[in-house]
Ligand SMILES: [Zn+2]
C-alpha cells in the first residue's frame, strides 16, 4: 500500500481507475499512460494467477476457509515473485500469513497442536539443510526468509503435509536448476530462489492434501 503504485520509469502515481487488474493493462496496450514506456508483462501474469487462485479457492472450499486459502495463496504468490526478483522475502508478508493462521485458530479451522508441530517441522528442516550446506560448502545455502516461510507454511499445513511440501520444493528446485544448468551452463554460484518452489508445493498440498491424507491413512492401516 505504501508507497502507492507508480510507474517505475516516470514515477507517476497510478490513479485507481488505471490500476484495475488485467483490464488496465489491456486498455493501455501494456504501456504507461504518462510516459508510454512498457509495463512489465509480470503484472498481468501475477494478476491472472491470483484471480485463478481465488476462483478455485471458492470453488473447492467452504466460503470461510476458501477466503482464507485465497488470501494465503495471494500472499504466497507475491512472496514467491518478490523472491525471484530480489532474492528476499518481505517480513510484512510473513506476518500477514501468520495473522491469517492466528485467525484460523480462533475460528476453529486449525487446532494449535497441528499449527505448533507443523511450524516446528517447517523451521527445523530448512535450518538443518542450512546447517548441512554450511558444513559441507561453507556457504549459506538458504536464507532466513526461507526459514520464516517454512514456519508459516508448516503452521498452515501441519507436519506431514509440510514434509511433503519440502520434498516437492526440493525436487522442483533441483529440476529447474538442472534445466537452467543445461541451457546456460553449469555455475555453482548461480543463486536459486527457494520460496517459489515452497509456495508451489504448499499450494499443491492445500488443494490436494486431503488425498494425501487418504493415501497415508491406508498406509497406516496396512
Ligand atoms: Zn511512466
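The values are calculated or read from the model by the stated rules, or taken from the named source; none is laboratory data. Remember, predicted model here, so these are calculated numbers, not experimental data. We place every Cβ from the backbone using ideal geometry, glycine too, and count neighbours over all the protein chains shown.
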Open item on the list: With the structure loaded, tell me whether residue 97 is crowded, with 17+ Cβ neighbours inside 10 Å and either modelled with pLDDT of 95 or more or within 16 Å of the ligand (Cβ to nearest atom) (or both) or whether it fails that test.
Closed with: yes
Open item on the list: For the structure I just gave you, tell me whether residue 209 is surrounded by 14 or more Cβ atoms within 10 Å (Cβ to Cβ), part of a helix (DSSP H, G or I) and either modelled with pLDDT under 85 or not assigned by TED's automatic domain parsing to the domain that holds residue 53 (or both).
Closed with: yes
Open item on the list: Against the definition (in contact (Cβ under 8 Å) with a residue 12 or more places away in the chain and either surrounded by 19 or more Cβ atoms within 10 Å (Cβ to Cβ) or on the phi < 0 side of the Ramachandran plot (or both)), how does residue 105 come out, yes or no?
Closed with: no
- [ ] Determine which member of the set 141, 173 is within 21 Å of residue 82 (Cβ to Cβ) and modelled with pLDDT of 90 or more.
- [x] 173
Task: Output for the range 7-20, where each listed residue is within 16 Å of the ligand (Cβ to nearest atom) and in a loop (DSSP other than H, G, I, E, B) - done: 7, 8, 9, 10, 11, 12, 14, 15, 19
- [ ] For residue 60, work out the one condition from (1) within 26 Å of residue 111 (Cβ to Cβ); (2) surrounded by fewer than 17 Cβ atoms within 10 Å (Cβ to Cβ); (3) within 14 Å of the chain's Cα centre (by Cα) it doesn't fulfil.
- [x] (3)
TODO: Please determine, by comparing only the residues of the range 21-40 that are away from the ligand (no atom under 16 Å from the Cβ) and within 23 Å of the chain's Cα centre (by Cα), which one is farthest from residue 79 (Cα to Cα).
DONE: 22
